[in-house]
Amino acid sequence: MTREQWNDVDRFMSQHLVGDDRALAAALDASDRAGLPQIQVSETQGKWLHLMARSIGAKRILELGTLGGYSAIWLARALPDHGRLVTLELDPAHASVAQSNLEHAGLATRVDIRVGPALNTLVELSEANTEPFDLAFVDADKPMCAPYVEAIIPLMRSGGVIIVDNVVRSGAVADAGTDDPSVQGVRRCIEFMGAHPALDATAIQTVGSKGYDGFAFAIRR
Ligand code: SAH
Ligand code: DHB
Ligand code: MG
């Protein structure tokens, strides 16, 4: 298998299952022009997140790592009119690109971008006794993955779903001797999720236009 095949397959799937989408294309364009890194989920992954949210009837979604709002657009579109996406972003420049992209997509009224270190915002959400979330998408800094999941669990409803991006990292996650802090963080995250009594978790490896990576998936008991 070659990376070229993964790209061809992603293109085929995307063409037939996702199609052209002006708001998403414009969001990617604007993100590019603003110099944001191109590390958003792929088209097929974005639609997968969207369908996951719809399949559980999610009304409240939490996202860690907004970037230019690409995955946020997919997730916000899954919400009913009075649903809410709360998305946490450290970098104010990223948040401002995302805000503008969400406005152009007509979704800004459903989305609350919270700027700052995600762990601080999670503490604030907990102290504010915020309504429980139905779905969480964890896609911020990888070294902090386990502390994020730990802080998110009490914010989720029973039966709520937690999805974690980038848990395979071209296979590096299997390397116990890695000195990459992101890979170490993801390893700790998987170990944490597997050991936590409130979670039932699994992980799926993926290939495609984003290379070889994967998602962890968990349900809060
Ligand atoms: N979910 C996005 C991609 C997110 S990329 C998408 O698929 O479209 C990761 C983002 O996490 C970056 O924008 C980065 O600035 C942000 N980030 C890094 N450290 C963070 C922190 N401590 N708190 C919140 N966000 C953080
Ligand atoms: C990186 C982060 C991501 O969220 C992603 O999907 C791909 C790469 C990164 O930090 O390199
Ligand atoms: Mg990611």
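Summing Cβ point charges (Lys, Arg +1; Asp, Glu -1) relative to the Cα centre of the stretch 94-185 gives a dipole of roughly 160 debye. Working note: Karplus 6.51/-1.76/1.60 with θ = phi - 60° gives the stretch 62-69 the couplings 10, 10, 10, x, 7, 6, x, x Hz, where Gly and Pro are set to x. Scalar couplings 3J(HN,Hα) for the stretch 155-166, obtained by applying the Karplus form with A = 6.51, B = -1.76, C = 1.60 to θ = phi - 60°, are 8, 8, 6, 4, x, x, 10, 10, 10, 10, 8, 6 Hz; x denotes Gly and Pro.
Only counting other Cβ atoms within 10 Å, I'd like Val18, Val138, Val173 sorted with the fewest neighbours first.
So the ranking, lowest neighbour count to highest, is Val18, Val173, Val138.
Its Cα centre serving as origin, the chain has a Cβ charge dipole (Lys and Arg +1, Asp and Glu -1) of approximately 520 debye. From the residues His82, Ser31, Val41, which one has its Cα farthest along the dipole of the stretch 1-82 in the positive direction, the dipole being from +1 and -1 charges on Cβ of Lys/Arg and Asp/Glu about the Cα centre? Most positive-ward Cα: His82.
Amide H contacts of Leu90 (H built 1.01 Å from N, in plane; Pro and chain starts excluded): Thr66, Gly116 sit under 5 Å, all sequence-distant by 5 or more or on other chains. Ranking Gly116, Val9, Leu199 by how far each Cα lies toward the positive end of the dipole of the chain (charges on Cβ) leaves Leu199 at the top.
Amide H to amide H distances under 5 Å link Asp21 with no residue, where only residues 5 or more positions off or on other chains count and H is placed in the peptide plane.
Centroid-to-centroid, using Cα positions, the stretch 175-208 and the stretch 78-144 are 23 Å apart. Computed over all pairs of different Cα atoms, the Kirkwood value for the hydrodynamic radius of the stretch 1-117 is 14.5 Å. Reported value for the chain: 122 Å³ per residue, from the convex hull of its C-alpha atoms.
Seen from all directions on average, the stretch 121-221 presents a Cα convex hull projection of 6.4 nm². The sum of -39500 (n - 2.57) across all DSSP H runs of n ≥ 4, divided by the residue count of the chain, sets its helix-only mean residue ellipticity at 222 nm to -12500 deg cm²/dmol.
For the stretch 175-182, 3J(HN,Hα) computed residue by residue from phi via the Karplus equation (6.51, -1.76, 1.60; θ = phi - 60°) reads 8, 5, x, 4, 10, 7, x, 5 Hz, glycine and proline entered as x.
No lab work stands behind these numbers, since they all come straight from the coordinates. This structure is a prediction, so every number in the text was calculated from the model and none was measured. Glycine also receives a Cβ, built like all others from the backbone with ideal geometry; neighbour counts cover every protein chain displayed.
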